[in-house]
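What follows is a short report on a single structure.
Since every read-out is calculated from the coordinates, none of them should be taken as a lab result. The structure presented is a predicted model; accordingly, all values stated were derived computationally and were not measured. FYI the Cβ positions are ideal-geometry reconstructions off the backbone, even for glycines, and counts take in every protein chain you see.
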Amino acid sequence: MIKVLVAIDQANLYYQLKDLGKKADFVSLRNILVNPQEDRFEIDTYIYASLPQNNADGVIRWHDWLRSRGFVVVSKRAKLLPDGSTKCNLDSELILDVMEICNEVHPDVVVLVSGGSRGRRKYCF
């Protein structure tokens, strides 16, 4: 049995897919990545997602929905910047948590899901 750990950077993936005119289906994505039909066992799937400064109720309900589907949701409050925009970096937490989990449970496969852009080129990985 192959042990699989998945960690998803929700914000990067969301904005990347939005730019491509698509939406994320996290349940389907997890099923594709873990693929239990091929003798794989999901250790856990972590989703790193920010909590906005306002309208947090909708986001909290969405986080609860993800948890009810078996995801582990890691979140922190976004910071309000002087120009009124918000920023929340969970990249470091994601990497540090994955390293810690790997030391504890020794997965055979680790899948990191994110997205971004460099100039005009868009990518998801």
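General observations
- Relative packing of 64-70, 40-46, which averages over residues the other C-beta atoms within 10 Å, highest first: 40-46, 64-70
- DSSP bridge orientation in segment 2-124 - percent antiparallel, rounded to nearest 5: 25 percent
- Cα pair distances exceeding 21 angstrom across segment 21-87, given as percent: 39 percent
- Listed residue (HIS106, ASN54, SER92) projecting farthest to the positive dipole end of segment 53-108, Cβ model: ASN54
- Cα-based reach from LYS3 at 14 Å (exclusive), listing aspartates and glutamates while leaving out same-chain residues under 8 positions away: GLU38, ASP39, GLU42, ASP44, GLU104, ASP108
- Rg and Dmax of the chain, Cα atoms only, in Å: 15.3, 51
- Springs join every pair of Cα atoms under 10 Å in this Gaussian network model of the chain, and among VAL105, VAL73, VAL59 the largest mean-square fluctuation is at VAL105.
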